[in-house]
Amino acid sequence: MAAKRVHQPREDAEFDFILRVSEGPVLAYFTGSWPKAVEPSRVMDLVMGGIADEYAGRLTAVRVDITRHPVSTERYGITGATSYVLLRGGEAVAQGTGPASTVEVREFLEQHL
């Protein structure tokens, strides 16, 4: 499971609340619980847990389950598990797909933070 520094909202309304109260950018990564998505999602949990620790104070990391968050998934045009979106004020700044390595996510963030 994701690191403690990674928020894991239970529903779309809770994710929206996190977006409203976060002072800086939010890195949301979308995971899935169906059989083909489980292993890539676990990989992203490890990567994003490390990223959340490394970027603590600079961004808020959020794990979003596609099944539990259909509205958010549609809002950001997510078509598959292990996608990630950098958000500012609830608006998408940049988007990537994974599973990605820590180096790839770090490069993504450095381009867009």
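Could you give the C-alpha radius of gyration of the stretch 6-62 expressed as a fraction of 2.2 N^0.38 Å, taking N as the number of residues it contains? Before the final figure, lay out the partial values.
Values: Rg = 12.0 Å, N = 57, 2.2 N^0.38 = 10.2 Å.
Cα Rg divided by the expected 2.2 N^0.38 Å: 1.17.
Quick one: putting +1 on the C-beta of Lys and Arg, -1 on the C-beta of Asp and Glu, what dipole do you get for the stretch 35-113 around its Cα centre, in Debye to the nearest 20?
200 debye
Between beta-carbons, use under 14 Å as the cut-off and find the net charge around R88, counting Lys and Arg +1, Asp and Glu -1.
Numbers: positive: R20, R58; negative: E23, E91.
Taking every other residue near R88 into account, the sum is 0.
Can you tell me the accessible area per residue over the chain, all protein chains present, probe 1.4 angstrom, in square angstrom?
Here the residues of the chain average 54 Å² of exposed surface.
Is the chain best put as rounded, prolate or oblate by its Cα gyration tensor, with a ≥ b ≥ c the root eigenvalues, rounded for a/c under 1.5, and otherwise prolate when a/b is larger than b/c, oblate when not?
Working: a/c = 1.38, a/b = 1.06, b/c = 1.30.
Rounded shape, in that the Cα axes give a/c under 1.5.
Tally the DSSP beta bridges in the chain and give the antiparallel ones as a percent, rounded to 5.
55 percent
Quick check: the distance between the Cα centres of the stretch 38-107 and the stretch 18-36, to the nearest angstrom?
Cα centres, the stretch 38-107 to the stretch 18-36: 5 Å.
The values are calculated or read from the model by the stated rules, or taken from the named source; none is laboratory data. Just so you know, these numbers come straight off a predicted model, no measurement behind them. A quick note on method: Cβ atoms are made from the backbone with ideal geometry, for glycine too, and the neighbour counts reach across all protein chains shown. When the accessible area is computed, the model is the full protein with side chains, heavy atoms only, and any ligands, DNA or RNA have been set aside. Shrake-Rupley method; radii C 1.70, N 1.55, O 1.52, S 1.80 Å.
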